Amino acid sequence: MKINKAVTLESHPCFSKAAHGRYGRIHLPVAPRCNVQCNYCVRRFDCVNESRPGVTSRLLSVSEAVDRVARIAERDSRISVIGIAGPGDPLANENTFSTIDAIGRYFPDLHLCISTNGLLLPQNLDRLVGLGISSITVTINAVEPSTAARIYKWVRDGEESLEGVDGARLLLDRQWEGLRRAAALEELLVKVNFVLVPGVNDGEVEDVAFRAGQMGVDLMNIIPMKPQGGFAHLSAPGTEDINEARKICATHVTQMRHCRQCRADAIGRLGEDRDADTETILSRIGEEYCEYVC
Ligand code: CLF
Ligand code: SF4
């Protein structure tokens, strides 16, 4: 099926504010591994009452993911998007590709959406497009490696693990290359996420917006950092900080203002997640999960 960006936009609850009250998404938690460590990401929560990115009650296998979509999409015609947003990095998990391949074949009318830290995006973009994804989000938190080095504890590329500025530079190079190439594809909706960490990267939010706007990125989502993990000692940005950053960045790229910072296993319309309904029949496992920001 030929993907048409305008058609995707009409019914994508994240990319279109007009669509967010009418359409919903299913996140499939099939991707546990991550290849970087963000300082704002904590991997040890597994609470069905917790509602934030990176949290899921249970990992799904590919066949379980397909079953879940069949079961839910059958009784809710408002589901328009199937997203993979963790709980780790989707592109660091082969199951992500198997899942979108299967969903694309069984449910060709649903849009496929991926959210990634971008480290493996350049090498996987063609594959994702070939599998039929119609929207992608890349989280980019800086332009300068010295700033990114304060946000990412380590970056793992294959067998190589890099820390400090070396890891940060590699990650930023991949993120920006992946974003540029994705934005150049006429069929893809592309969003850049920015996790605002006061005193660390707030001075670069406009630079990220400017670059993204120049590349033709469709949307930017500025997200408040939650103080935890390596950033537990910092303060979260206030609503005024976020609004001010959005105001400045809106001159470069359209701003998203209706994000609900979804769980990695969210289901339904934004803000009306039905995870608990669906998870009651599933057992919880005591694994550690990674915070993921879609
Ligand atoms: Fe999911 Fe993300 Fe796709 Fe949407 S969520 S993978 S783009 S289908 Fe949406 Fe949730 Fe905000 Fe993400 S409200 S956290 S922006
Ligand atoms: Fe990985 Fe996302 Fe957690 Fe960062 S926030 S460590 S990219 S899962």
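Every number in this text was worked out from the coordinates using simple rules, so none of it is lab data. Note that the structure is a prediction, hence the values are computed from the model and not measured. Methodologically, a virtual Cβ is constructed for each residue, glycine included, from the backbone with ideal geometry; neighbour enumeration extends over all protein chains shown.
Averaging over every viewing direction, what projected area does the convex hull of the Cα atoms of the chain cover, in nm²?
Averaging across all directions leaves 13.6 nm² for the Cα convex hull.
Determine the percent antiparallel among the DSSP beta bridges restricted to the chain, to the nearest 5.
Among the beta bridges of the chain, antiparallel pairing accounts for roughly 30 percent.
Quickly estimate the mean residue ellipticity at 222 nm for the chain, helices only: each DSSP H run with n ≥ 4 gives -39500 (n - 2.57), and the total goes over all residues, rounded to 500.
One gets -10000 deg cm²/dmol as the mean residue ellipticity at 222 nm.
Could you grab the relative contact order for segment 5-293? Cα pairs under 8 Å, six or more apart, rounded to a whole percent.
The normalised contact order for segment 5-293 reaches 28 percent.
Using a cut-off of 9 Å between beta-carbons, work out the net charge of the residues near Asp218 (Lys and Arg +1, Asp and Glu -1, Asp218 not included).
My count for the surroundings of Asp218 gives +2.
Which of the listed residues, Ile26, Ile72, Pro90, is farthest toward the dipole's positive end in the chain, when Lys, Arg count +1 and Asp, Glu count -1 at the beta-carbon?
Ile72
Placing unit charges on C-beta atoms (Lys and Arg positive, Asp and Glu negative, everything else neutral), compute the dipole magnitude of the chain about its Cα centre in debye, rounded to 20.
600 debye
What whole number of Å gives the distance from the Cα centroid of segment 63-105 to the Cα centroid of segment 123-176?
Their Cα centres are 23 Å away from one another.
Relative to the Cα centre, what is the charge dipole magnitude of segment 171-277, using +1 at the beta carbon of each Lys and Arg, -1 at the beta carbon of each Asp and Glu, and rounding to the nearest 20 debye?
Charge dipole, segment 171-277, about its Cα centre: 60 debye, nearest 20.
Given the Cα atoms of segment 136-193, and with Rh set as the inverse mean 1/r over their pairs in the Kirkwood sense, what is Rg to Rh to two decimals?
1.03
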